[in-house]
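To start, the structure itself, in structure tokens.
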Amino acid sequence: MKYIDEFQDPELARRLLDDIHATVTRPWALMEVCGGQTHSIIRHGIDQLLPPEVELIHGPGCPVCVTPLEVIDKALEIASRPGVIFCSFGDMLRVPGTGRDLFQVRGEGGDVRVVYSPLDALRIARQNPDREVVFFGIGFETTAPPNAMTVHQARKLGIQNFSMLVSHVRVPPAIEAIMSSPSCRVQGFLAAGHVCSVMGVEEYPELAERFRVPIVVTGFEPLDILEGVRRAVRQLERGEHTVDNAYARAVRPEGNPAARAMLEDVFEVTDRPWRGIGVIPDSGWRLSPKYRDHDAEHRFSVGGIRTEEPAECRSGEVLQGLLKPHECEAFGTLCTPRTPLGATMVSSEGACAAYYLYRRLDVPAAAAREASPVV
């Protein structure tokens, strides 16, 4: 297949669904890791077309959603300071911190700018040598290479007024944490294809073997996801647990060597807190000592901020796959995209946002009656 609409072909989708229906003989629970996959599943109703024995559990693969509250508060603190130009991708501006978000900081006079590339922030720093320019660098292995390249360029060009607030996270340690949880129900994974296009698949066989779960590298279009489900179910039915690349048009086993080399030069692995989940060992990156001068957290001395999540927000359970968004009492009432309690309702990859956009009218009447009233 050559064009994107071919990966949405209804006849091919029906054939894949028929194969899955014919293969499955018992209940299986699969987790799609990426929030982009979650949105595709909910938008196209894929979970409703699968046989009832196959459950899709939404994982913590939304980079905005897992950025911890304390990092959001650090961003708010830095963005509020005089002389700072704070640059971010647009989906971070409405993520709630403690009491406010970056939009409110901008409304209060802070210079908060939306950019479309970290190199845009570097250009702004060159144009404003008398001001501190900070880029909010978040995301999984997919967005880490361009951020690493930008810091590398800043050091190479001697742009001293540029720094980055880093909150990058890594997928394999998250899979390990999920599978190690006593409440885990996951029996197989649909791994994020774009992450594997950067990092390759070499970290996954050990996880598949240790936890005895199939891991299928999967794309994002409906046929990609159905093929991933088909392969995962087939392995489960056969008692197999291997890594299978169903996204070979984009993923090579070794990933992208140039991108990986840049990551190894600029970043070092560190423990990282995930919003609503807690600290996962070795699950993040921070700037290596060689590039520490461009570390905004170090430059602005905001390392001591400590926070607590709002009690009514259950996004942590959603991110761990323990709760579907519409099962939260605040869903669609206290928590909406305009008045979000957590990042999962804000991000374009958040599970709560997907359910609000495509499924809020499907919330069971009993759940709707039990939900808190709008205040």
Requested in this report: Answer yes if at least one residue in the stretch 128-145 is within 22 Å of the chain's Cα centre (by Cα), free of Cβ contacts under 8 Å to residues at least 24 places away in the same chain and surrounded by fewer than 19 Cβ atoms within 10 Å (Cβ to Cβ), and no otherwise.
Outcome: no
**Report entry** Failed condition for Gly83, given (1) farther than 28 Å from Pro173 by Cβ; (2) without any contact (Cβ under 8 Å) to a residue 40 or more places away in the chain
**Finding:** (2)
Query raised in the report: Which one is nearest to Arg249 (Cα to Cα), of the residues in the stretch 29-59 that are in contact with a Lys or Arg (Cβ under 7 Å, 6 or more places away or on another chain) and surrounded by fewer than 17 Cβ atoms within 10 Å (Cβ to Cβ)?
Result: Ala29
Query raised in the report: Can you spot a residue in the stretch 16-28 that is among the charged types (D, E, K, R), assigned to a loop (DSSP other than H, G, I, E, B), open to solvent by 30 Å² or more (accessible area, probe 1.4 Å) and out of contact with any strand residue (DSSP E or B) (no Cβ under 8 Å at 6 or more places or on another chain)?
Result: yes
Query raised in the report: When residues of the stretch 325-343 are filtered for being surrounded by 17 or more Cβ atoms within 10 Å (Cβ to Cβ) and assigned to a loop (DSSP other than H, G, I, E, B), how many remain?
Result: 8
Query raised in the report: Does Arg94 satisfy being closer than 15 Å to Val302 by Cα, open to solvent by 20 Å² or more (accessible area, probe 1.4 Å) and outside any strand (DSSP E or B)?
Result: no
Report summary line: Restricting attention to the stretch 202-220, the residues that are out of contact with any Ser or Thr (no Cβ under 7 Å at 6 or more places or on another chain) and either of a type in the set (Val, Ile, Thr) or more than 20 Å from Ala177 (Cβ to Cβ) (or both) number exactly 6
Requested in this report: Please identify the pairs in which a residue from the stretch 1-25 that is at pLDDT 90 or above has its Cβ atom under 9 Å from the Cβ atom of a residue that is open to solvent by 90 Å² or more (accessible area, probe 1.4 Å) and assigned to a loop (DSSP other than H, G, I, E, B), counting only partners at least 6 apart or on another chain.
Outcome: Leu12/Met1
Report task. Name the single residue, out of those in the stretch 255-308 being open to solvent by 70 Å² or more (accessible area, probe 1.4 Å) and part of a loop (DSSP other than H, G, I, E, B), that is farthest from Leu76 (Cα to Cα). Result -> Glu308
Query - Filter result (open to solvent by less than 80 Å² (accessible area, probe 1.4 Å) and in a loop (DSSP other than H, G, I, E, B)) within the stretch 1-15 - result: Asp9
Query raised in the report: Within the set of pairs 6 or more residues apart or between chains, which connect a residue that is part of a helix (DSSP H, G or I) inside the stretch 100-123 to a residue that is modelled with pLDDT under 95 with Cβ atoms less than 7 Å apart?
Result: Leu102/Met92; Leu102/Leu93; Phe103/Leu93; Phe103/Arg94
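Okay, residues lined up against (1) at pLDDT 95 or above; (2) over 21 Å from Arg314 (Cα atoms); (3) out of contact with any Lys or Arg (no Cβ under 8 Å at 6 or more places or on another chain):
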site	(1), (2), (3)
Ala75	yes, yes, yes
Ser88	yes, yes, no
Asp91	no, no, yes
Arg94	no, no, yes
Asp120	yes, yes, yes
Gln127	yes, yes, yes
Query raised in the report: Looking at the stretch 175-206, which of its residues are open to solvent by 10 Å² or more (accessible area, probe 1.4 Å) and of a type in the set (A, V, I, L, M)?
Result: Ala177, Ile178, Met179, Val186, Val198, Met199, Val201
**Report entry** Residue list for the stretch 112-127, filter: crowded, with 20+ Cβ neighbours inside 10 Å and over 25 Å from the mean Cα position of the chain (by Cα)
**Finding:** Ala125
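The values are calculated or read from the model by the stated rules, or taken from the named source; none is laboratory data. Given the structure is predicted, the values throughout are model-derived calculations rather than measurements. Because the Cβ atoms are built from the backbone with ideal geometry, glycine has one as well, and the counts that use them run over all protein chains shown. We work out accessible area using only protein heavy atoms, side chains counted, and drop any ligands, DNA or RNA first. Shrake-Rupley method; radii C 1.70, N 1.55, O 1.52, S 1.80 Å.
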